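Below: one structure, written as structure tokens.
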Amino acid sequence: MNSTKNIKKQEHTFTCDQKLEWWGYGEWVEEADLVEFEYKGYHCVVKRIAVREPYAKVFHVFGGYLCGYVKVPLELELHKKGLDLKGDVHGGITFNQLDEDNENWIGFDCVHLNDICPSSEKLSNTRPELIEIKNRHEEMMEKLNIKKSSFFDKTYRNINFCIQECKSLVDQIIEGNVN
């Protein structure tokens, strides 16, 4: 785990067997699904997202990626800006809402173009039609002498990455750079 000393909670919401079934093997199988910690007096949460596809013909759980959240003081009135809120965090600020306790949470997700989404990764590695597309793409890239492709060269954003992004977001809030 990260060097954060103020971890309040760390838990596995899903079993390793569930994660293997839903998303296949990857770093996500062994890491925690929920981490709560304090940083400079701010409550931070990193949480794994999993949503059962309600209309899928076969059982499928979308997600496996992480999101990071920071609770911000209401007096900053950041909730009034909605998603027009600017901050230098992975993929930008994609969450800004009041919860049922009227507390303001802002956050980011790790399911952008260059991010590995475990459920999509499993599908692209197990569905024959998607494997064929991937193979044709690789052949085309080789013919064009292109080394990297944002379509297939992705990175899994893990717990430690998200903890650091939450800390960065807190630092920006304190410095007045989230607005």
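The values are calculated or read from the model by the stated rules, or taken from the named source; none is laboratory data. Predicted, not measured: the structure shown is a model, and the values here were computed from it. With ideal geometry, Cβ positions are generated from the backbone for all residues, glycine too; neighbour counts draw on all protein chains shown.
Quick one: which of Leu98, Leu130 is surrounded by fewer than 15 Cβ atoms within 10 Å (Cβ to Cβ) and modelled with pLDDT of 95 or more?
Leu98
Sort out which residues of the range 93-112 are touching a residue at least 40 places away in the same chain (Cβ under 8 Å), in a loop (DSSP other than H, G, I, E, B) and over 21 Å from Glu38 (Cβ atoms), and write them in order of number.
The answer is Cys110, Val111.
Can you pull out the strands (runs of 3 or more DSSP E) entirely within the range 10-82 that have at least 2 residues that are free of Cβ contacts under 8 Å to residues at least 60 places away in the same chain and at positive phi?
Numbers: elements: 34-39, 42-52, 61-72.
Where strands (runs of 3 or more DSSP E) fall fully within the range 10-82 and carry at least 2 residues being free of Cβ contacts under 8 Å to residues at least 60 places away in the same chain and at positive phi, they are 61-72.
Among His137, His60, His79, His90, which is the only one that is under 24 Å from the mean Cα position of the chain (by Cα) and over 25 Å from Lys40 (Cβ atoms)?
His60
Looking at the range 1-46 only, could you name the residues that are in contact with an Asp or Glu (Cβ under 8 Å, 6 or more places away or on another chain), buried (at least 16 other Cβ atoms within 10 Å of the Cβ) and more than 14 Å from Ile159 (Cα to Cα)?
Residues satisfying the conditions are Phe14, Trp23, Gly24, His43.
Of (1) surrounded by fewer than 17 Cβ atoms within 10 Å (Cβ to Cβ); (2) in contact with a Gly (Cβ under 9 Å, 6 or more places away or on another chain); (3) not polar (S, T, N, Q), Ile106 satisfies all except one. Which?
Ile106 satisfies all of (1) surrounded by fewer than 17 Cβ atoms within 10 Å (Cβ to Cβ); (2) in contact with a Gly (Cβ under 9 Å, 6 or more places away or on another chain); (3) not polar (S, T, N, Q) except (1).
Of everything in the range 47-88, what is among the hydroxyl-bearing types (Ser, Thr, Tyr) and either modelled with pLDDT under 95 or exposed (fewer than 12 other Cβ atoms within 10 Å of the Cβ) (or both)? Give them in sequence order. Reasoning before the result, please.
Let us first name the residues in the range 47-88 that are among the hydroxyl-bearing types (Ser, Thr, Tyr), namely 55, 65, 69.
Hit for the range 47-88 is Tyr55, nothing else.
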